[in-house]
Amino acid sequence: MEFVIKISQFLLSLSLLIVLHELGHFIPAKLFKTKVEKFYLFFDVKYSLFKKKIGETVYGIGWLPLGGYVKIAGMIDESMDKEQMAQPPQPWEFRSKPAWQRLIIMLGGVTVNFILAYVIFVFVSFIYGDTDIKIASLKGGYLIENPVLQDAGFQTGDKVLAINDQKIEKDSEIGQYIIGAEQMTIERDGQEKMISLPENFLGQLSDEGSRNLFRYRYPFIVESVPDSSANKSADLKQGDMILGLNGKKLEYFDQFESELENLKGQTVTAEVLRDDDVLTKNLKVNNEGKLNIFRLIDAKRFTELGYYEVTRREYSFGESFVEGGNKFVSTITNYFSQLKAIFNPKTEAYKGLGGFKAIYDIFPDFWSWEAFWKLTAFLSIMLAVLNLLPIPALDGGHVMFLLYEMISGRKPSEKFLERAQIVGFFILIALVLFANGNDIFKAITR
């Protein structure tokens, strides 16, 4: 079921973005009376899952979910239709239109993606508001289990105060500013400490593969005890909070994990808080150092117990336009920071470059419209920025040649454009193979 939920979100988001992107090319092409021969979701290599001709355009769905396209008459694109290009230019063809009209047609897709992202951010801000956690309120600081963070000098209990010169107050800001960070200021035992990050920090994180960076510390609250557990007879109830073992007070679940490693195969005395009463229970530790008790993850309960403070900000409809703009600009800025890191070999951030599986993995395994729309907005920006890269075969490549034509007054020859398209196509294929190859490599080696 989890796979069905994730793949449904992935395909719905991808389809929405592709259709709207191609619609961004389609609408100005029609406005400028340019013939559009095909409008496809996914690629129709050899055959289509569905197609129907309406007017002069064939609308369809291909079987290969690697993108989509509109085939505009008289345009040198991925179709490489040399037969059509060998014919004399026709008034309804792309190549016959003024350069400024061709530029608008080519920029239409990324423009729609940017607008879509902004609109989503506006409505997400209005409908859901912002929920975050104040770092200062974290009882016990962060749980640090990632070896890369440990090697860099972080310890469980640390609180993040700043990344580079940016003061950090909310938990969500860590992920926002850690890309390309050189140093972080933390609080440890009431003292400030500076931690310098290695230049290849992002590459190390990618090699490690774990997504667990700065995690919250939770108490040990019982969710349930499985029938197969040796502690089924201990009569633990949902909501019971285990306070310690053998007279030793343990506030956080990670402390239990460490303590139980030394108690394998033993029977221990546990203090259990139930409502306002403290009970004593004898519990058995198995040979793996586990109690075989499912723990409860309840954000509301943790907040009530004072483990962290959740802040919620709601926006009026008018305020949402401003906040949506702030999120839009912040997301673009962060994405450019990611690209800068990826294209800098010293950071080794290219190791984290992923393809379709990486995109699939960022969707939650439960259905959340809030998460879906936020991820769709991010992917819309990602699609727009990547399409603007000056690589022939991408929108940015066409825009680059059009700007050259408009500035110089000279149009590149069709032969040159055909060759550039082939080169761009191979560059694009290489990038796709590298990104998806990274996914395959990680799946095999981890």
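The values are calculated or read from the model by the stated rules, or taken from the named source; none is laboratory data. Since the model is a prediction, treat every value here as computed from it, not as a measurement. Positions of Cβ are generated from backbone atoms using ideal geometry, with glycine treated the same way; all protein chains shown enter the neighbour counts. Protein only, heavy atoms only, side chains kept; ligands, DNA and RNA dropped before computing areas. Shrake-Rupley method; radii C 1.70, N 1.55, O 1.52, S 1.80 Å.
The lysines whose alpha-carbon is closer than 17 Å to the alpha-carbon of LYS357, local same-chain residues fewer than 8 away aside, are LYS6, LYS442. For segment 318-438, give the percent of accessible area contributed by carbon and sulfur heavy atoms, probe 1.4 Å, rounded to a whole number. It is 71 percent, rounded to a whole number. With all protein chains in place and a 1.4 Å probe, the accessible surface of segment 214-253 carries 44 percent carbon and sulfur. Helix 317-342 and the longest principal axis of the C-alpha atoms of the chain enclose an angle of approximately 90°.
Please go through the residue pairs LYS35/LYS411; LYS249/LYS374; LYS53/LYS97; LYS249/LYS300 and name each one whose alpha carbons sit more than 30 Å apart in this structure. Pairs exceeding 30 Å: LYS249/LYS374. Let me know the shape class of segment 310-446, please: from the alpha-carbon gyration tensor, a ≥ b ≥ c as square roots of the eigenvalues, rounded when a/c is under 1.5, otherwise prolate if a/b is greater than b/c, or oblate. Verdict is oblate for segment 310-446. Only helices enter this figure: runs of n ≥ 4 DSSP H residues, each worth -39500 (n - 2.57), summed and divided by the residues of the chain, yield -14500 deg cm²/dmol at 222 nm to the nearest 500.
The convex hull of the Cα atoms of segment 241-306, projected and averaged over all directions, covers 4.5 nm². When the charge dipole of segment 319-365 is built from unit charges on Cβ atoms (+1 for Lys and Arg, -1 for Asp and Glu) and taken about the Cα centre, the candidate among SER330, PHE363, PHE343 whose Cα reaches farthest toward its positive end is PHE343.
When the charge dipole of the chain is built from unit charges on Cβ atoms (+1 for Lys and Arg, -1 for Asp and Glu) and taken about the Cα centre, the candidate among VAL119, ALA435, PHE401 whose Cα reaches farthest toward its positive end is PHE401. Kindly work out what percent of the DSSP beta bridges joining two residues of the chain are antiparallel, to the nearest 5. Roughly 90 percent of the beta bridges in the chain run antiparallel, per DSSP. Between the helical axis of 414-445 and the longest alpha-carbon principal axis of the chain there is an angle of about 20 degrees.
Helix 395-408 and the longest principal axis of the Cα set of the chain meet at an angle near 50°.
Which entry in [x] 47, 40, 17; [y] 53, 23, 21; [z] 35, 27, 18 is this structure's computed semi-axes √(5λ) of the Cα gyration tensor in Å? Correct label is [y]. Remark: the chain carries a charge dipole of roughly 1620 debye about the Cα centre, counting +1 on each Lys and Arg Cβ and -1 on each Asp and Glu Cβ. Using Cα positions and a limit of under 16 Å, work out the lysines in reach of LYS51, with same-chain residues fewer than 8 apart set aside. List returned: LYS38, LYS71. For segment 350-446, a simple Cβ point-charge model (Lys and Arg +1, Asp and Glu -1, everything else neutral) yields a dipole of about 300 debye relative to the Cα centre. Of GLU314, GLU414, GLU304, the residue with the greatest mean-square motion in the GNM of the chain, using alpha carbon springs below 10 Å, is GLU304. Farthest towards the positive end of the charge dipole of the chain, among the residues ILE221, VAL4, LEU143, is the Cα of VAL4, using unit charges on the Cβ of Lys, Arg, Asp and Glu.
Taking the Cα centre of segment 216-332 as origin and assigning +1 to Lys and Arg Cβ atoms and -1 to Asp and Glu Cβ atoms, the resulting dipole is close to 240 debye.
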